[in-house]
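Novice: This is the structure, below, for whatever I ask next.
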Amino acid sequence: MNGPSPRILSPTDEAIAEAAALLEKGALVALPTETVYGLAGDATSDSAVAAIFAAKDRPQFNPLIAHYPSAEAAARDVSFDPRAQELARRFWPGPLTLVLPRRADCRVSLLASAGLDSQAVRVPRHEVAQRLLAKFGRPLAAPSANRSGRVSPTLPQHVAEELGDRVALILDGGACAIGIESSVVALLGDDAVLLRPGAVTEEEIQAAIGPLAHAGEAGQPRGPGMMASHYAPELPLRLDATSLSAGEALLAFGPRPLPGATLSLNLSPGGDLQEAAARLFAALRQLDRDGRRQGLSGIAAMPVPDRGIGRAINDRLRRAAAPRPVS
């Protein structure tokens, strides 16, 4: 953590007004959404967006999501085709991000688009996020409120631990209901492309607009969360574990966790994928912190069914286990 702990305030009208005033001055504020906590800054300000990149130590070719109070507000800055209109009608407000063509007069900083001609946009469902967006009156760039590549925060205390005085204020919305980032769909040509699986499942999206293509890892990311190594704990993560090695913590799933772990957390003893998604990042964070304190050498993750929101869980686990970029 960097510097003193930031203030964590209950989302009273006074706290919302203070957060909006800080955003007006170019400061960064952490806000709850239904997915994870976001590190919010004025999406129309180059300096505020640059401050987000700096606070997160984030590669500037990884685009940011701009958050809006409504689809009508987002349509001022990006172009909606019929597919985007249908997805917005069905899933907004909610955990779905659309990557759409920027309008010529788009207000969002090009830094938030990573210099691309597209912009990722979302309308969050969380009441606190909606109140802050209404009070501020402009879109908010709000990636997850953690340092780049680290585990995403699902509690206000996670944000304080990660960012310290890099964030001016944290609005406390309690634990995030979903606990995993939004699904991301790019609608930039004939194909609808799933850039990142999330809480809105592939099946739900296809039921709305038809077949989806899938993005590869090559080339410049078109949306957030597309770096190969992402959401990573400091301890190495081993996937699809059917047994434990010496010195490993256990990330368990289901009613029969692997025996022999000195440190273990179960994403869902009952095998509920929704519960597992909500607990994923907090569990990874706790195993990483406690495992390092105990001198453990890694984390072993049991298999999670690759269906529905389980695909999103496995996507995050694969990124967390990927080789770290060489600096």
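The values are calculated or read from the model by the stated rules, or taken from the named source; none is laboratory data. These numbers come from a predicted model, not from an experiment. Positions of Cβ are generated from backbone atoms using ideal geometry, with glycine treated the same way; all protein chains shown enter the neighbour counts. Each accessible area value is taken on the protein alone, full model and side chains, heavy atoms only, with ligands, DNA and RNA left out. Shrake-Rupley method; radii C 1.70, N 1.55, O 1.52, S 1.80 Å.
Novice: Counting other Cβ atoms within 10 Å of each Cβ, which chymotrypsin sites (Phe, Trp or Tyr not before Pro) in the range 14-72 have at most 12 and sit in a DSSP loop?
Specialist: Passing both the DSSP loop test and the Cβ count: 61.
Novice: In nm, what is the difference between 0.36 nm times the number of residues separating residue 297 and residue 76 and their Cα-Cα distance?
Specialist: 74.6 nm
Novice: Can you tell me how the range 260-327 classifies by the Cα gyration tensor, rounded, prolate or oblate, using a/c under 1.5 as the rounded cut?
Specialist: Note, shape of the range 260-327 comes out oblate.
Novice: A follow-up question, please. What angle, in degrees between 0 and 90 and rounded to the nearest 10, separates the Cα long axis of helix 309-321 from the longest principal axis of the Cα atoms of the chain?
Specialist: 70 degrees
Novice: With +1 on the Cβ of every Lys and Arg and -1 on the Cβ of every Asp and Glu, and nothing else charged, how large is the dipole of the range 279-327 about its Cα centre, in debye rounded to the nearest 20?
Specialist: Taking the Cα centre of the range 279-327 as origin, the dipole is about 120 debye.
Novice: What is the set of long-range amide H partners of residue 250 at a cut-off below 5 Å, with H atoms built 1.01 Å from backbone N?
Specialist: 263, 264, 265, 300
Novice: Hey, any idea what % of the range 104-199's accessible area is carbon plus sulfur with a 1.4 Å probe?
Specialist: 48 percent
Novice: Kindly identify the range 73-168 as rounded, prolate or oblate by the Cα gyration tensor criterion: order the square roots of the eigenvalues as a ≥ b ≥ c, call it rounded if a/c is under 1.5, otherwise compare a/b with b/c, prolate if a/b is larger, else oblate.
Specialist: Prolate, because a/c is 1.5 or more and a/b exceeds b/c.
Novice: About the Cα centre of the range 46-151, what is the dipole size in debye to 20, counting +1 per Lys and Arg Cβ and -1 per Asp and Glu Cβ, all else neutral?
Specialist: For this selection, approximately 300 debye.
Novice: Can I ask one more? Residues of the range 53-86 with backbone nitrogen within less than 19 Å of a virtual label 7 Å along the Cα-to-Cβ line of residue 135, please, listed as ranges.
Specialist: Within reach of a label on residue 135, which here means backbone N under 19 Å from a point 7 Å along Cα→Cβ, the range 53-86 contributes 67-70.
Novice: Moving on. Could you list which residues have their amide H under 5 Å from that of residue 97, counting only those 5 or more apart in sequence or on another chain, with H placed in the peptide plane?
Specialist: Residues meeting the criterion, in which the H sits 1.01 Å from N, are 183, 184, 185.
Novice: To test your reading of the geometry: what angle, between 0 and 90 degrees and rounded to tens, separates the Cα axis of helix 127-136 from the longest principal axis of the chain?
Specialist: Rounded to the nearest ten degrees, it is 30.
Novice: Calculate, for residue 157 and residue 25, the FRET efficiency according to 1/(1 + (r/R0)^6) with r their C-beta to C-beta distance and R0 22 Å; round to the nearest 0.05.
Specialist: It comes out at approximately 0.30.
Novice: Given a 1.4 Å probe, how much area per residue of the chain is accessible, in Å²?
Specialist: The answer is 39 Å² per residue.
Novice: Counting only residues 5 or more places away or on other chains, whose amide H sits under 5 Å from the amide H of residue 213 once H atoms are built in the peptide plane?
Specialist: Close amide H contacts, sequence-distant or interchain: 192, 193, 194.
Novice: For the chain, what D do you get in µm² per second when you plug the Kirkwood radius from alpha-carbon pairs into Stokes-Einstein at 20 °C and 1.002 mPa s?
Specialist: 108 µm²/s
Novice: If you wrap a convex hull around the Cα atoms of the range 232-275, how much volume per residue is inside, in Å³?
Specialist: 87 Å³
Novice: Of the accessible area of the range 1-67, with the probe set at 1.4 angstrom, what percent is carbon plus sulfur?
Specialist: Carbon-and-sulfur percentage of accessible area, whole number: 54.
Novice: Moving to a separate point now. Extension gain residue 263-residue 105, at 0.36 nm per residue separation less the Cα-Cα distance, in nm?
Specialist: Stretched out fully, the residue 263 to residue 105 stretch lengthens by 51.6 nm.
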